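The values are calculated or read from the model by the stated rules, or taken from the named source; none is laboratory data. Worth saying up front: this structure is predicted, and the values here are computed from it rather than measured. Note that we place each Cβ from the backbone using ideal geometry, even for glycine, and neighbour counts take in every protein chain shown.
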Amino acid sequence: ALEKKIVKSKVGEKVSLPCCHEIPSSESLRKYRVYWQKNITDVVLAYSEGNMISKHKRYWNRTEMDPWNLTLWISPMEILDNGSYQCVVQRNSVVVCDESVILYVTADFSKPHITAEVSTDSCESTEMVITCSSHGGFPKPKISGTLNNISMEWNASWVSESSLSPYNVTGKLVLNITKDVNITCSVEYSGSVKSTSLFLRKTNDCTVPPVPPPYNVITASIIIVTTFIVAITLAARYLPRHVCSHCCKCQDSVEEGVKEYTKAPTSSKGTAETSSV
């Protein structure tokens, strides 16, 4: 079996789906029947003897066919255009070719948006709820990320009305931040990637207050200080009196010595006079 052709396009673009047969210049479309079908059951458009005989309502004003190479043009592309298309060509009721082509339609996601909300905060760490969201894309994406260039996984959730509708994707993460970090969120789909980054700074760098001493230590310190002050006060009050009392005793002794010395010459003179008689 021949490998199916694959065509990729984006929502809003114009795409061409090739057919398996080209009409020679010596002939015309009038000699052929051409059917473009989707998923085998839906006829996109059909030509017979050079005239269009059928066209699906979804493709009104959005499709046309080249009359020579039978290429099918679709514009603008929609997500619902995803699927397998088949070109069937007949000449004189004989099948000339029958070949399929697969059309993949993608829709770009918005640039991821990252938010950070503080749940708890302390001097040691900050707990944050990180949310990354993107919307409006197709097909269902994969969300990934890095934390300081190290891979991490998001708790992802997707919302879409159907399997052929745009997707909204949201990823959440709870982090205990102890230092500055850089977070990257990436949304991957059909070979395309949309990414964004957010730098988070550790904000609460507070100093832990010192632990106050126990009550008994404070009480003992107060008693020691009080005793010391009382001792100094008593010393200042009674020590000068003791010194003065000692000084008075010394002065009395000196005065008595002087008096005895003064009396001594008189006694000597009397003795001398007696001896001479």
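Annotations
- Looking across Y59, Y35, one residue alone is more than 50 Å from the chain's Cα centre (by Cα), not polar (S, T, N, Q) and not assigned by TED's automatic domain parsing to the domain that holds F138. It is Y35.
- The residue list L80, L103 contains one member that is surrounded by fewer than 19 Cβ atoms within 10 Å (Cβ to Cβ), touching a residue at least 40 places away in the same chain (Cβ under 8 Å) and closer than 20 Å to S165 by Cα, which is L80.
- Contact map, region 30-47: residues that are surrounded by fewer than 18 Cβ atoms within 10 Å (Cβ to Cβ) paired with residues that are of a type in the set (D, E), Cβ distance under 7 Å, separation 6+ or inter-chain. Pairs shown: R30/E49.
- Residue match in region 110-133 (condition: modelled with pLDDT of 95 or more, closer than 26 Å to V44 by Cβ and surrounded by 15 or more Cβ atoms within 10 Å (Cβ to Cβ)): no
- Failed condition for Q86, given (1) part of a strand (DSSP E or B); (2) assigned by TED's automatic domain parsing to the domain that holds T184; (3) not aliphatic (A, V, I, L, M): (2)
- Count of residues meeting criterion [of a type in the set (K, R) and surrounded by fewer than 16 Cβ atoms within 10 Å (Cβ to Cβ)] in region 56-77: 2
- Qualifying residue in region 130-139 (condition: in a loop (DSSP other than H, G, I, E, B), touching a Ser or Thr at 6+ places or on another chain (Cβ under 8 Å) and touching a residue at least 24 places away in the same chain (Cβ under 8 Å)): yes
- Candidates N176, N168, N155: the one that is modelled with pLDDT under 95 and outside the structural domain of G83 (by TED's automatic domain parsing) is N176.
- From N182, N155, residue being free of Cβ contacts under 8 Å to residues at least 40 places away in the same chain, touching a Gly at 6+ places or on another chain (Cβ under 9 Å) and not aromatic (F, W, Y): N155
For every residue, the table says whether it meets (1) of a type outside the set (S, T, N, Q); (2) under 20 Å from C20 (Cβ atoms); (3) at pLDDT below 95.
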| site | (1), (2), (3) |
| --- | --- |
| W36 | yes, yes, no |
| Y47 | yes, yes, no |
| R58 | yes, no, yes |
| M77 | yes, no, no |
